[in-house]
Each structure stands twice: as C-alpha cells, then as structure tokens.
Amino acid sequence: MLKTGQQHLESLRDGRKVYIGDELVEDVTTHPAFRNAAQSFAMIYDRKRDPENVDVMAFEDDDGEICSSWYLRPKSRDDLRKRRETHRRVADWTCGLIGRSPDHVASFVTGLLWDPDLFEDNLKGSAANLKAYYDYMRKNDTFACYTVLPPQGARQPELYQREGLTVPTLRVTAEDKEGITLNGMKMLGTSAVFSNETWVGNLLPLGEEQAAESVTCAVPLNWAGVSIWARKPFERFAVSEFDAPFAWKFDETDSMVIFEDVKVPWERVFTHNNAALSRNIYFETPSHAMGNHQSNVRFQEKLKLIVGIARKSAELNNVLQIPAVRDTLGRLAAAEAGLGAMIAGQIEDAEEMAPGYLNVNRRHMYGTLHWCTQNYAILCETVRELMGGGPFQMPADISVINNPELKKKFETYWSVPGQSAIERMKFLKLGWDLLGSDFAGRHQQYERFYAGPAFINTLYSFMNCPWDEMTGTVDRVLAGYDVPAAGEMRHMAAE
Ligand SMILES: Cc1cc2nc3c(=O)[nH]c(=O)nc-3n(C[C@H](O)[C@H](O)[C@H](O)COP(=O)(O)OP(=O)(O)OC[C@H]3O[C@@H](n4cnc5c(N)ncnc54)[C@H](O)[C@@H]3O)c2cc1C
C-alpha cells in the first residue's frame, strides 16, 4: 500500500511519549515544535502517490500490491536506477535536509534479506520473522527510524560499575517464551518523533561480554515503556518561514529513546546474544550499502542547494565577474559533478552479493560516504566566505515591514541595483539558515557523524579495498626488472 500523508499523520497520533524538556507533547502533528516537519513527512507520502511520481517511486510486489520503491529488491541496473531516482525525488522535495526520510531505514531492512541463514543460524525462526517484518513494513508503508548506538560515554561498563552506577545502555534484561524485555537507552533517533517504529540494533562493534546488548529488534514507538527525549527543536524557535525557511519545516529532530521494561515478542527479534553478528548483519549483506546509498543521493541534492546559494550570492553581491570568485564557483560545480559521477558509478559497477540480486558497489559507496563526510564543512565554509557579512546587515526579522515608516527606510537603505531590500533579506535569511544558524550547526554535526565517526568511515574503505589488486601492481612492476649482477651497476654520473 502507499499511504497518504493524512494516514501518516494519523498514525503518529498513537499515544507516544515525546518529551521536550519537561513537557510531554500531546500530539506531535499539531505541536508548534513539530507540526511543520510533520507536514513535510506527510508531503513525501502524498507526492510519492502523484501520477507523475508513482511509476518511479512505487512497484508492484509479488502479491500484486503497489509498494514504495525503497522496498524494491533490485535484480537489474534499472531497478537500482529506480531506487536512486526515488531517493533523489524525496531529497529534492526536502532540499536534502531530511536525512532519515522514510527511504533510509527501509533500505537497510530490505538489504538484510539477502542472507536468511545469517539470522537463522543465530536464532531459530528469525529468518522467517525478518521476512515477515519486511512484508509488514512494505505492505503498511511503515516509517522506521533507527537507534543503533549505545549512549555516548556508556561504552565502558566497568567505569559505571566501579562507581556503583547503572549502565544506561539498552540490553535484554529478561526473556521467556513470548519474547524479550528491554531496558536502557539508545541513541540517536533522528526522525523518531515522526516515525512509526524504531529499528534497534548495533552498528558499533561489541565485546563478547556485551552479549545482552547485541539484540536487533523492531519496536513501535508508542509501546508501553518507550519514551522519546527530543533535543532542542529548531522549528519552535523559527520566527517565521521567511526568517528561517529550513528550520521552519525541515527539522527532522534527533532524540534519545528510552526503553523501560519494554516487552518485544520473538517475531520482532532478529538477532540475540551474539555480539559479532548483531553488527555483521549490516556488512555481510548489502544493508549498510543500500541505506547509505540513499545518504549519498540525498547529499547531492543538498549540495545542489549549497552551490546554488554560492552562485546567487556572487550575483547579488556583484562579484561574479571576478576571476577568483569564478574559480571558487568552478570548484564547487566540479565537486557536485564529481559526486554525481560517484553515485552513478555505484550502479554502473553494481555487485551481485546473492545470486539473482544486484546491489550498489560497496567500495564506491564507501568512497562517496567518506568524501561527503569529509567535505561538507569545507563546502559550507567556502559559501559562507562568499556571503561575507550580508546576513548580519539585515534587521532581526521581517516584522520590520509591519511599521510603514521603518519599511520605507528599510527599502531606501537596503535595496541594491536590481534587488529590493526584501528580496535581498529573503535570500540572506535562507542562506544563513542553511549555513550558519543553529539548524545549520546541527547539519554540520549530522553530516560528520550520521554514519559513525570519521575513523570508522575510513575503516569501511580499508575493509572493502581489494588490496591484492593494489599490491599486485607494485609486485608486477617489481618483477619487471632484476637485481643487477655484481659489478654490472653503473652510476650515470660515473659514465
Ligand atoms: C545529528 C546526528 C544524528 C544522528 N542520527 C543517528 C540515528 O538516526 N541513529 C543512530 O543510531 N545514530 C545516530 N547518530 C549517532 C552517530 O552515529 C554517532 O554520533 C557517531 O557514531 C559518533 O558517536 P558519538 O557521538 O557517541 O561520539 P564518540 O564515539 O563519543 O566520539 C567522539 C569523538 O571521539 C573520536 N573517537 C572515539 N573513539 C575513537 C577511536 N577509537 N579512535 C579515534 N577517534 C575516536 C570520534 O571520532 C569523535 O570525534 C547521529 C548523530 C548525530 C550527531
């Protein structure tokens, strides 16, 4: 099924416990901190169904049901292109500012289906349960976020034990024939406020002694014992759409999710008591690659916006003719073009990890992920340089036009040839919201950390590199000449 935006909004009025500080939010779809972002998620569901999008963004499953393309299990490059274009349209509609859109975790779950034995060998019945969960998600158009990290600072349990403190990390505290009981906290549920469920798992390596933490399961966010603790919501502080157009409607939010005696039936448990496996499932299948391919595609749409702001900034500040400015714009344009090629290459050089199915090339995907995480701050910095002090020359907010006298003065002093004061303010507010505001600062951190810290990202490229191919070239060159016989060696200078 392809749910409507309205159906998605209704599904969020489910009694979930969301806290902003000490405030318990009654309805995330109407609360001033979340309502516009909730509408943005609803918009994705509605536009996906539109006649001009549905052919690309949906497919017919084996039961003849129409489902979102992010659940498509690709068998050809055309299927991979369909998935890419689906991610691209979602990112285009949200300016690449919603990282955990409904296509992200769904792609992770779809990728996990490649190797059922991996699950079954650990937990009897889990392969069928995983397939049933995928069917459930696909048929209900379920939106899941994921919480796959222990809370920061809680990764060395012995420090807590020494102080007599409870280790806050989520773990299985009991199990019976119905299922397991979860207690503890997980980070960091981006989009949790707007999701139906959270996928609980482990993307960081666990030690064997952490077996109780090595659970992978899916938990609806309104279940008894689950609470969502949101960070400061930027939407609440956006004065108006004019003053902060992105914070106004695209703050996906990030939240800690707490589990207190949450009962999860076995049908929703996919790994249990196996520290290594709970992480390996993402890498021994295309899961991690499919999920992060979405991130690569999303990043490109955001980069288009950033490059567009750079160009407009140069035009509006009347510096476009300066060779050094053109050089900067050329470098930004080259970066965006190169990124597009890196993403296309993932499909062109697709891999077949399981017979009959194709997945994006993992090495290319990790190379792209590395490039994006390392370059986001540099790209933003370049455009901020071009913006100069413009954002701070503007009045505090657009309320200045409420007073006819102030409005007249604003128009007199702030207008420039070819651009009214209000047009100029609109653009500079937009640029600052993306590149300098509180919202922008969160995006800097998001792009750096959403797929784990830099040293882990580099490790993915290390692990997936065909080192024999690299060292083979060195060996071939070395084998092409011999050690000179004694006395044969002559220095050029000596001849
Ligand atoms: C905005 C945002 C959204 C996020 N969304 C999600 C989400 O949706 N789901 C989810 O599960 N997680 C999410 N995360 C969490 C993210 O995966 C983690 O932030 C990331 O893995 C880093 O972990 P940490 O924040 O605990 O930092 P730490 O692990 O505490 O690291 C802090 C710093 O120390 C460095 N460091 C730590 N250990 C080493 C080492 N051994 N060698 C070298 N350097 C080291 C790190 O590189 C980093 O710079 C999100 C994070 C952010 C910031």
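Applying both filters, DSSP loop and at most 16 other Cβ atoms within 10 Å, to the chymotrypsin sites (Phe, Trp or Tyr not before Pro) of segment 251-292 gives Phe283.
In the calculated pair-distance distribution of segment 285-391, the portion above 18 angstrom amounts to 53 percent of the Cα-Cα pairs. Among the GluC sites (Glu not before Pro) found in segment 109-208, those both in a DSSP coil and sparsely packed, with 12 or fewer other Cβ atoms within 10 Å of their Cβ, are Glu163, Glu178. Estimated at 0.36 nm per residue, the fully extended path between Asp438 and Asp22 surpasses their Cα-Cα distance by 147.6 nm. The alpha-carbon atoms of segment 143-302, seen along their principal axes, cover 53, 37, 32 angstrom, with the largest extent given first. What is the dipole size for segment 287-469, taken about its Cα centre, with +1 at each Lys and Arg Cβ and -1 at each Asp and Glu Cβ, in debye to the nearest 20? Roughly 740 debye, rounded to the nearest 20. Taking a straight line from the alpha carbon of Lys409, these lysines sit under 23 Å away, with near neighbours fewer than eight places off in the same chain left out: Lys426, Lys429.
For segment 190-275, the spread of Cα coordinates along the three principal axes comes to 51, 27, 18 Å, biggest extent given first. For Glu10 and Met43, the FRET efficiency from 1/(1 + (r/R0)^6), where r spans their Cβ atoms and R0 equals 22 Å, is about 0.90. The reciprocal of the average 1/r between distinct C-alpha atoms defines the Kirkwood hydrodynamic radius, which for segment 287-469 equals 18.7 Å.
Dipole magnitude for the chain: about 1460 debye, using +1 per Lys or Arg Cβ and -1 per Asp or Glu Cβ, origin at the Cα centre.
Considering only Leu386, Gly367, Ser195, the residue lying farthest towards the positive end of the dipole of the chain is Leu386, judged by Cα position with unit charges set on Cβ. Each peptide in 30-37, 180-187, 100-107, 334-341 gets a packing score, the mean of other Cβ atoms within 10 Å over its residues, and the list from highest to lowest is 100-107, 180-187, 30-37, 334-341.
For segment 247-314, the list of GluC sites (Glu not before Pro) that fall in a loop by DSSP and count at most 16 other C-beta atoms within 10 angstrom reads Glu284.
Here the chain was treated as a single set of alpha-carbon atoms; its pair distances binned every 10 Å from 0 give 4, 17, 26, 25, 14, 8, 4, 2, 1, 0 percent.
When the distances between all Cα atoms of segment 237-300 are binned every 5 Å from zero, what whole-number percent does each bin get? In whole percents, the pair-distance histogram is 3, 11, 10, 13, 17, 15, 11, 9, 7, 3, 0. Here segment 254-345 is treated with +1 on each Lys and Arg Cβ and -1 on each Asp and Glu Cβ, and its dipole about the Cα centre works out to around 360 debye.
Coordinate-derived values only; no laboratory data. These numbers were taken from a predicted model, which means no experiment stands behind them. Quick reminder, even Gly has a Cβ in these numbers, built from the backbone with ideal geometry, and neighbours come from all protein chains shown.
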